[in-house]
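Taking it in order: structure first as structure tokens, then the write-up.
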């Protein structure tokens, strides 16, 4: 029975959570850990009260039964209206919007419905850890196309086109191409021209475009967000979004999948997502009502999100500045989401890998980051710019002190 | 792009939900439907107030952040204590109990971590629809071992042993064997002797035993429930349970996975379930607190569940009697869960399949059942015995009237 596990289960790996056992042991021993590993806004900015109260109302009104597998109409309508208003996208609430247990479940559905072992997908690198693992546990073979850090995480779309052509010539079947925009972990926001080229490449090569837009309202420093759905009309594509980030409700576990197209492939995707939804009956019923209110109550939402984004900008800029003052790290300041992805100066440090860096930093300084290799960015670390500046400042001081101690 | 879908996505199929489009169209046209298709106790017995209020408290206390992937300690401890108290099972809350988005997600983890295309699993038939589909979407090849309806859904364990031997001789790799006990859809409760034989067969053949025990407190008519964990000490096994049925909180979407063993295989399973949990960050945070209270407040729970089980027994017996008075159907009265799985008298009916039966019954009488073939029980229908007797009585009258109209 030793080989009981499936061939690809070894890819079930999320670097963000991997230091949990060490953290727990340290906490049991009375140590305090500064956790900059997980992008959880609700830890520092309480989930808006108007959503919490909508949740309470739903519970007390008995909204605790099963509901439709694809989600309650109220929430699907709110999401459809939001994409129409913000991005002029027409996605029918009746058959083009699906509610999932976070975007995480949407990733399982995506890979289960599209990927046979050996199939390929383009994943841009650095990637969100679970986009990669979620593909590999289904036996997918990734084409990892790199963003160029030297050029501010620039994407060379000509090189992308060549990679896809080469993969196809070698007999590869490329099923989808996935962007996370704004990017986790780099904080880069894709410009319209690059996104347009990506859409063209998807179209020309018969590849489904997947756009994870869960940070779409968290943009700053002059960046403008463009939804893939604005440019991909007529090209089969799937949009992921959710309540965790823009709405600051991570613990609700509500994700959205939107498939606006009416073409044959989009129709097949819609039917199949619905079939997968039916397999797990439904998503948290009261939470769906809370999120419907979260989106529909635009006045409250605007107030909350604008204060939140201003604070994130302030903290991310502050942390970027401090990091770039250190001799041992350099970061491209983010313009979206709330992560910093600095590069460690390998020549100046005596630590062999970013994994070792993260583990020792935790043990020695009680500061928890995530290793960059977990995002396909070896030699980097990811930190979350959500805590107040005094916490961020002191953490970065400790990181710098740690680097000095381990420098050559 | 026509063949964009994965090879096995066609198996994503849940008969319970398949009439939804017709139902919605009928409801839009002003028709009232009696829904006996889905096992949702919260529709007829409100989710207990003490749990709803614990949920509200959690929300207002700001329990809306991400928490541990495997679940909050309070809930894992409550589950561990419950299995110790009821079944004398020692399962460490620290590393043997995992919280999932319902048992549905646990089924995805199970199949993803154990099944390579072509691997086999024993699934007893009739089965819970998703146990079958969830295995097949990962390319699994089922060994369907039948319960004998004529003998009150008796399981012939000698025949089971022979089937497994034959599969192994033919080169098959049998990864797991799954029982749903009490059974959905038949309401049968496995006796201790049969369960013991199943455990022995799992042990002798190096097969992981999976026991879905989500209805473990819903037993009646003199049946005694035995948990697989009571008999499988030393044999690698996984227990599924959750808040939906015993605790009457379907819309909370909280499932439990318990892996009590300390053997090598169990340790590998625990590590892998934890890795899969980490891929989706966590399960609804406030709901976990509500369910922890749901289990821990034994006084309130006992009061609720005993009233509930008495009502279920009364309704299931009533419905069984009515069905057995009809000339067109026969049912083995259930002793657990809350489903009736009558056999239709094919010789007397002019309808070709149970699918046609269910669809026409819905259209003509506004009564929604689930086709038995969705559970591997062709020629049967499943109905839920949860509504009050006047609703059940009138629905069964309409079913009988429908049969008469379509009899030969």
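Considering only residues that are farther than 17 Å from residue B:392 by Cβ and touching a strand residue (DSSP E or B) at 6+ places or on another chain (Cβ under 7 Å), which ones fall in the range B:331-349?
Within the range B:331-349, B:335, B:336, B:343, B:344, B:345, B:348, B:349 qualify.
Among the residues of the range B:135-151, is there at least one that is assigned to a helix (DSSP H, G or I), surrounded by 18 or more Cβ atoms within 10 Å (Cβ to Cβ) and either in contact with a helix residue (DSSP H, G or I) (Cβ under 6 Å, 6 or more places away or on another chain) or within 14 Å of another protein chain (Cβ to nearest Cβ) (or both)?
Scanning the range B:135-151 turns up at least one residue that is assigned to a helix (DSSP H, G or I), surrounded by 18 or more Cβ atoms within 10 Å (Cβ to Cβ) and either in contact with a helix residue (DSSP H, G or I) (Cβ under 6 Å, 6 or more places away or on another chain) or within 14 Å of another protein chain (Cβ to nearest Cβ) (or both).
Run down A:173, A:169 and say which single residue is under 19 Å from residue A:113 (Cβ atoms) and surrounded by fewer than 22 Cβ atoms within 10 Å (Cβ to Cβ).
Criteria check complete, one pass: A:173.
Looking at this structure, is residue A:292 at positive phi, touching a residue at least 12 places away in the same chain (Cβ under 8 Å) and buried (at least 22 other Cβ atoms within 10 Å of the Cβ)?
no
Please go through the range B:268-281 and give me each residue that is at negative phi and either within 11 Å of chain A (Cβ to nearest Cβ) or in a loop (DSSP other than H, G, I, E, B) (or both), ordered by number.
Once the filter is applied, which keeps residues that are at negative phi and either within 11 Å of chain A (Cβ to nearest Cβ) or in a loop (DSSP other than H, G, I, E, B) (or both), the range B:268-281 yields B:268, B:269, B:271, B:272, B:273, B:274, B:275, B:276, B:277, B:278, B:279, B:280.
Restricting to the range A:62-83, count the residues that are under 21 Å from residue A:238 (Cβ atoms), in contact with a helix residue (DSSP H, G or I) (Cβ under 6 Å, 6 or more places away or on another chain) and away from chain B (no Cβ under 14 Å).
The number of residues fulfilling the criteria is 2.
Looking at residue A:258, is it more than 14 Å from chain B (Cβ to nearest Cβ), at pLDDT 95 or above and touching a helix residue (DSSP H, G or I) at 6+ places or on another chain (Cβ under 7 Å)?
Taking the combined requirement at face value, the residue satisfies it.
Tally up the residues in the range A:227-251 that are within 30 Å of residue B:6 (Cα to Cα) and either assigned to a loop (DSSP other than H, G, I, E, B) or under 18 Å from the mean Cα position of the chain (by Cα) (or both), please.
Counting residues in the range A:227-251 that are within 30 Å of residue B:6 (Cα to Cα) and either assigned to a loop (DSSP other than H, G, I, E, B) or under 18 Å from the mean Cα position of the chain (by Cα) (or both) gives 16.
Scan the helices (runs of 4 or more DSSP H) fully inside the range A:1-97 and keep the ones with 3 or more residues being assigned by TED's automatic domain parsing to the domain that holds residue A:262.
Per the criteria, A:73-87.
Determine which member of the set B:86, B:59, B:5 is more than 9 Å from chain A (Cβ to nearest Cβ) and either buried (at least 18 other Cβ atoms within 10 Å of the Cβ) or at pLDDT 95 or above (or both).
Just one listed residue meets the conditions, B:86.
Given A:82, A:60, A:32, which one is closer than 24 Å to residue A:294 by Cβ and in contact (Cβ under 8 Å) with a residue 24 or more places away in the chain?
A:82
Among the residues in the range A:178-189, are any closer than 16 Å to residue A:259 by Cα, touching a helix residue (DSSP H, G or I) at 6+ places or on another chain (Cβ under 6 Å) and buried (at least 24 other Cβ atoms within 10 Å of the Cβ)?
Within the range A:178-189 (the criterion being closer than 16 Å to residue A:259 by Cα, touching a helix residue (DSSP H, G or I) at 6+ places or on another chain (Cβ under 6 Å) and buried (at least 24 other Cβ atoms within 10 Å of the Cβ)), the answer is yes, since at least one residue qualifies.
The values are calculated or read from the model by the stated rules, or taken from the named source; none is laboratory data. Just so we're clear, the structure is a prediction, and the values are computed from it rather than from any experiment. Every residue, glycine as well, gets a Cβ built from its backbone with ideal geometry; the counts of neighbours run over all protein chains shown.
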